[in-house]
């Protein structure tokens, strides 16, 4: 029996594939490589000292997807595949709705056809939208403020309806906060295609000299230093959260939601200072205007994942900074050698 990982060549997907292999699972990976590199999977195989099947296909291609299910004995699906840039989703909403939602519908239809009813869905803290209080619990009102976040909420709703129609399904909806860092080997990490959308890869690219300086969006937030506070979680901790969720969905039926974060809020300046201290690299920065929709503070209440999944983040901000720098230092051009 194999675990199918959609979008397995991506940042979080590749780290989860490695943790799955290290834990003794057999995996099958599909990815269209639109925002990821095959080299990531080569390195996962090298680190785990084992091979696995990879299919370069798009979830929108139902025929190709059925081939994967007919050729493999799939026990459960971890569903990462999807477009993920907030800014890009605002510019091209139809592209995001079509890709993320239709791709998931095709996947679920194919799973149902082949009798696979166990799934972990890669959701996001974006589903909460503008939050009035922290920490954020899973029952907080859901009101995403961009098309990317809305695709995640729509998919969560579809999966709830699917479970209501057939209660043999077992689904975990994992709402990630801000994944950063890289595998401690420095062999796999975050490799954005273009200008990074996320803070940590931008910091590391400034540190290595690829970019002149970091732009910090806003200095007048209601926080301890005026910059936005977020819940940064090490990508390996996040990957291990998927293994705990997998153990649960394999053994049970039902649908449930879990925040995956550390439960600690760090500001942009906290992250920069920690990075400089941990790596001895200077990160020049300048303040610029706030971005629309950015909020003061956002961090998770992780009690539910701690209690129900037996999962807790163990790595601290220093670990995240050190591992992110190790990845960048060893791979100045990402996966492109």
- Message: Place a point 7 Å from Cα of residue 252 in the direction of its Cβ. Which residues in the stretch 143-183 have their backbone N less than 17 Å from it?
- Response: 160, 163-164, 167-175
- Task: With a point put 7 Å past each Cα toward its Cβ, work out how far residue 215 is from residue 60 in nm, to one decimal.
- Result: 2.9 nm
- Full-stretch length increase - residue 168, residue 208 - with 0.36 nm per residue and alpha-carbon distance subtracted: 9.4 nm
- Message: Sorted from largest to smallest, which semi-axis lengths in Å does the alpha carbon gyration tensor of the stretch 115-201 give for its equivalent ellipsoid, taking the root of 5 times each eigenvalue?
- Response: 27, 20, 12
- Report, in whole Å, the centroid distance computed from the Cα atoms of the stretch 213-275 and the stretch 293-309. 8 Å
- How high is the relative contact order of the stretch 20-126, in percent, counting Cα pairs under 8 Å that sit 6 or more residues apart? 28 percent
- So for the stretch 137-266: antiparallel DSSP bridges make up what percent, rounded to the nearest 5? 10 percent
- Shape of the stretch 27-77 from its Cα gyration tensor (a ≥ b ≥ c, root eigenvalues): rounded if a/c is under 1.5, otherwise prolate when a/b > b/c, or oblate? oblate
- Item | Relative contact order (%) - criterion: Cα under 8 Å, at least six apart; region: the chain | 19 percent
- Using 1/(1 + (r/R0)^6) with R0 = 35 angstrom and r between the beta carbons of residue 114 and residue 303, what's the FRET efficiency to the nearest 0.05? 0.45
- Query: In Å, the Kirkwood hydrodynamic radius of the stretch 1-122 over pairs of distinct alpha carbons?
  - Reply: 14.5 Å
- Residue with peak Gaussian network fluctuation, the chain [Cα springs, cutoff 10 Å], from 115, 186, 228: 115
- Gained length - residue 319 relative to residue 132, 0.36 nm times residue gap less alpha-carbon distance: 64.3 nm
- Note on the structure: Tilt, helix 268-279 to longest principal axis of the chain (alpha-carbon atoms), in degrees rounded to tens, equals 90 degrees
- Task: Could you tell me how many degrees, from 0 to 90 and to the nearest 10, lie between the Cα long axis of helix 147-165 and the main elongation axis, the longest principal axis, of the Cα atoms of the chain?
- Result: 30 degrees
- Item | Calculated over the chain: convex hull of Cα atoms, volume per residue (Å³) | 122 Å³
- Message: Run the helix sum for the chain: -39,500 (n - 2.57) per DSSP H stretch of 4+ residues, divided by residue count, reported at 222 nm to the nearest 500 deg cm²/dmol.
- Response: -11500 deg cm²/dmol
- Message: Need one number for the stretch 92-243: average projected area of the convex hull over its C-alpha atoms, nm².
- Response: 11.8 nm²
- Note on the structure: Quick note, the stretch 129-169: a/c under 1.5 would make it rounded; otherwise a/b > b/c is prolate and the rest oblate (a ≥ b ≥ c, C-alpha gyration tensor); here it is oblate
- Can you give the extra length, in nm with one decimal, that the chain gains between residue 70 and residue 286 once fully stretched, where that is 0.36 nm per residue apart less the Cα-Cα distance? 72.4 nm
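Bear in mind that the values in this text are calculations on the coordinates, not laboratory data. What you are looking at is a predicted structure, and each value in this text was computed from that prediction instead of being measured. So basically every Cβ, Gly included, is an ideal-geometry build from the backbone, and we count neighbours across all protein chains shown.
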